[in-house]
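J.: Right, I'll just put the structure down here and ask away after.
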Amino acid sequence: MVTCRAVLRLDSPPMGAASKPPEGKNALLRNLPSIEQLLRRPSLEPRLANLPHARAVAALRLAVERVRARLLSGDARPFEDADVEAALASLATPNLRPVLNATGVVLHTNLGRAPLAPEAVERVVAVARGYSNLEYDLDEGERGSRYAPLVGLLRMLTGAEDAIVVNNCAGAVLLVLAALASGRECVVSRGELVEIGGGFRIPDVMRQSGTKLVEVGTTNRTRRADYANALSPDTGLIVKVHRSNFALVGFTEEASLAELTELGRSRNVPVFQDLGSGALVPLVGPGLTLEPTVGQAISAGADVVAFSGDKLLGGPQAGVIVGRKDLLQRIKSHPLTRALRVDKMTVAALEATLELYRDGRPEAVPAQSLLVQQPEVLSARADRLLDLLKAHGVTAWVVSVDGQVGGGAMPLARLPSYACSLTVGAPEVFLERLRGGEVPVIGRIADGEVVLDVRCLSEEDLGVVAQSVAAARLGSQP
Ligand SMILES: *Cc1c(COP(=O)(O)O)cnc(C)c1O
């Protein structure tokens, strides 16, 4: 009670504010039922009787907490049994759950990036259920390496001598720098001092790894000679960062990876390429731009290459490092490797995804197939969504839109796609309603209209989307 009064005093409306007198609110707060009372309340009994006691208590606490917040915000509705029902529904809904991606951004970082292939999901389930030989060599009956299942596949798919996998590509970059150049200089072009997103900035990562950043060239032009002049006995690495999330156009020049590796060889300095996206095969499709593959970077002589597992590769979140055996040995024995290690579910999903590439089936990787869809296919799918919307009494139009690769890959690519466009009074409110449905649907606004891009929606998803739109539209009526 004391707490409530204290909160109220802080919260009391300014002089002359036309709200309820604080005494009324105070009384309502004082009269909030206790958990004990609610557990004995006859009207709640049938609802709570079959639940585990702890869950019932958790729901009642949540309900009372919410009503308290409601009263403090000036809404005078007292505690009702319906509040318990709503709290029970909240507890039954996981915080992390599937959503439908109608944004047209394939590798949407906020929506979990790459959807996994069924083969990868099955493999995760198989090892997650019980024990596995994660770090156990079945031939020798002794401790093995958790990276062993991946090394052979990665060597084959990239042409590199050795490989290791860590938590994500940001971690991979940190680890490579720390293991190969801590206390030494790293030479990077001024045109490649990028921020990846989420505040991951190359200069900051260099500082964290204990390496000293040596900037060369200018924002728009950097030549081989700039690197050559900056090399010294203190140089630990030449670093090349793929400009994955922005483009440099106009009066530009950059030293190619091949030029840098030739320079590195002649001066005995290893070259590290942060590739970001990590395409294993050339990806060709409408609207897609050219993305260098990992194999090309290795062929160009890169000593170490790092790339993401859940961008163009289409696997689980991971950071893959491939390259020269002696350098990988130093990386594997660095203490950060242990801190950044991947779990069994990641190894399982990545192995299964890499197998699809090994078997020449990149189209079985959802991230790949979603990116290369033909406009006719998308147009026909948008027509089907339109029909479903019409069947629900919703007026909409099919419009052509530009989708994106996402995940900070191919920043200039505009993927020709189709969407259903809805004219609604308040687009923001409508999108919020779509997010609040049983299966949240994530759309976007273009030219003041709600657009639902069908690129990342399956045939089964279309029916769910149509239903959600119909429900959201009803919610908008007074
Ligand atoms: C995306 C990206 C990263 C970070 O990869 P995560 O797997 O998201 O940690 C690092 N470098 C480049 C060039 C990138 O594009």
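J.: Keeping to segment 338-347, report how many residues are part of a helix (DSSP H, G or I) and either within 16 Å of the ligand (Cβ to nearest atom) or surrounded by 23 or more Cβ atoms within 10 Å (Cβ to Cβ) (or both). Step through it out loud before you land on a result.
T.: Here is the first cut: in segment 338-347, the residues part of a helix (DSSP H, G or I) are 338-339, 344-347.
Filter again for either within 16 Å of the ligand (Cβ to nearest atom) or surrounded by 23 or more Cβ atoms within 10 Å (Cβ to Cβ) (or both), leaving 339, 346-347.
Final tally of qualifying residues: 3.
J.: Quick one: is residue 363 farther than 16 Å from residue 279 by Cβ and not hydroxyl-bearing (Ser, Thr, Tyr)?
T.: No, not satisfied.
J.: Suppose we filter segment 245-299 for residues that are assigned to a helix (DSSP H, G or I), out of contact with any Leu (no Cβ under 8 Å at 6 or more places or on another chain) and within 15 Å of the ligand (Cβ to nearest atom); how many remain? Talk me through it step by step, then tell me what you get.
T.: Our first condition is that a residue be assigned to a helix (DSSP H, G or I); within segment 245-299, this holds for 257-267, 294-299.
If we keep only those that are out of contact with any Leu (no Cβ under 8 Å at 6 or more places or on another chain) as well, we get 257-262, 264-266, 296, 298-299.
Keeping just the survivors that are within 15 Å of the ligand (Cβ to nearest atom) gives 257.
So the answer is 1.
J.: Being away from the ligand (no atom under 16 Å from the Cβ), among the charged types (D, E, K, R) and touching a Lys or Arg at 6+ places or on another chain (Cβ under 6 Å): is that true of residue 234 here? Before you say what the answer is, go through the steps one by one.
T.: Details: away from the ligand (no atom under 16 Å from the Cβ): yes; among the charged types (D, E, K, R): yes; touching a Lys or Arg at 6+ places or on another chain (Cβ under 6 Å): yes.
Against the criterion (away from the ligand (no atom under 16 Å from the Cβ), among the charged types (D, E, K, R) and touching a Lys or Arg at 6+ places or on another chain (Cβ under 6 Å)), residue 234 qualifies.
J.: Could you list, in sequence order, all residues of segment 312-327 that are surrounded by fewer than 24 Cβ atoms within 10 Å (Cβ to Cβ), touching a residue at least 60 places away in the same chain (Cβ under 8 Å) and either basic (Lys, Arg) or closer than 21 Å to residue 268 by Cα (or both)?
T.: 324, 325, 327, listed by residue number.
A quick yes/no check of all residues on (1) surrounded by 14 or more Cβ atoms within 10 Å (Cβ to Cβ); (2) modelled with pLDDT of 95 or more; (3) over 20 Å from residue 344 (Cα atoms):
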| position | (1), (2), (3) |
| --- | --- |
| 141 | no, yes, no |
| 151 | yes, yes, no |
| 163 | yes, yes, no |
| 167 | yes, yes, no |
| 173 | yes, yes, yes |
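J.: OK, next. From the set of residues in segment 395-404 that are of a type outside the set (Gly, Ala, Ser) and within 11 Å of residue 420 (Cα to Cα), which is surrounded by the most Cβ atoms within 10 Å (Cβ to Cβ)?
T.: First, the residues of segment 395-404 that are of a type outside the set (Gly, Ala, Ser): 395, 397-399, 401-402, 404.
From the residues that got through so far, the ones that are within 11 Å of residue 420 (Cα to Cα) too are 395, 397-399, 401.
Working: 395: 10, 397: 14, 398: 19, 399: 16, 401: 23.
The extreme case among them is 401.
J.: Additional query: For segment 54-113, name all the residues that are of a type in the set (A, V, I, L, M), closer than 21 Å to residue 438 by Cα and in a loop (DSSP other than H, G, I, E, B). Show your work before the answer.
T.: Initially, segment 54-113 is screened for residues of a type in the set (A, V, I, L, M), giving 54, 56-60, 62-64, 67, 69, 71-72, 76, 82, 84, 86-89, 91-92, 96, 99-100, 102, 105-107, 111.
Still in the list and also closer than 21 Å to residue 438 by Cα: 59, 62-63, 82, 84, 86-89, 91-92, 96, 99-100, 102, 111.
Result: 96, 99, 102.
J.: Would you call residue 163 within 16 Å of the ligand (Cβ to nearest atom), assigned by TED's automatic domain parsing to the domain that holds residue 301, under 30 Å from residue 358 (Cβ atoms) and not in a helix (DSSP H, G or I)? Steps first, please.
T.: Numbers: within 16 Å of the ligand (Cβ to nearest atom): yes; assigned by TED's automatic domain parsing to the domain that holds residue 301: yes; under 30 Å from residue 358 (Cβ atoms): yes; not in a helix (DSSP H, G or I): yes.
So residue 163 fits the description; yes.
J.: Could you tell me how many of the residues in segment 172-197 are more than 11 Å from the ligand (Cβ to nearest atom) and part of a strand (DSSP E or B)?
T.: 5
J.: Let me ask something else about it. So how many residues does segment 203-228 have that are under 27 Å from residue 330 (Cβ atoms), among the polar types (S, T, N, Q) and surrounded by fewer than 19 Cβ atoms within 10 Å (Cβ to Cβ)?
T.: Residues in segment 203-228 being under 27 Å from residue 330 (Cβ atoms), among the polar types (S, T, N, Q) and surrounded by fewer than 19 Cβ atoms within 10 Å (Cβ to Cβ): 1 in total.
J.: When only residues in segment 300-311 that are within 22 Å of residue 238 (Cβ to Cβ) and near the ligand (Cβ under 10 Å from one of its atoms) count, which is surrounded by the most Cβ atoms within 10 Å (Cβ to Cβ)? Walk me through it before giving the result.
T.: In the first step, residues of segment 300-311 are kept if they are within 22 Å of residue 238 (Cβ to Cβ); the result is 300-308.
Within this subset, residues satisfying the condition of being near the ligand (Cβ under 10 Å from one of its atoms) are 306-308.
On the way: 306: 32, 307: 28, 308: 28.
Within segment 300-311, the match that is surrounded by the most Cβ atoms within 10 Å (Cβ to Cβ) is 306.
J.: Next question. Taking only segment 350-370 into account, find how many residues are assigned to a helix (DSSP H, G or I), crowded, with 23+ Cβ neighbours inside 10 Å and either in contact with a Gly (Cβ under 6 Å, 6 or more places away or on another chain) or polar (S, T, N, Q) (or both).
T.: 4
J.: Let me confirm something: among 61, 77, which residue is modelled with pLDDT of 95 or more and either surrounded by 14 or more Cβ atoms within 10 Å (Cβ to Cβ) or not assigned by TED's automatic domain parsing to the domain that holds residue 454 (or both)?
T.: 61
J.: Taking segment 371-385 on its own, how many of its residues are surrounded by fewer than 22 Cβ atoms within 10 Å (Cβ to Cβ) and of a type in the set (A, V, I, L, M)?
T.: Number of matching residues: 3.
The values are calculated or read from the model by the stated rules, or taken from the named source; none is laboratory data. Predicted model only: the values in this text are computed from it and were never measured. All Cβ positions, glycine included, derive from the backbone under ideal geometry; neighbour counts span all protein chains shown.
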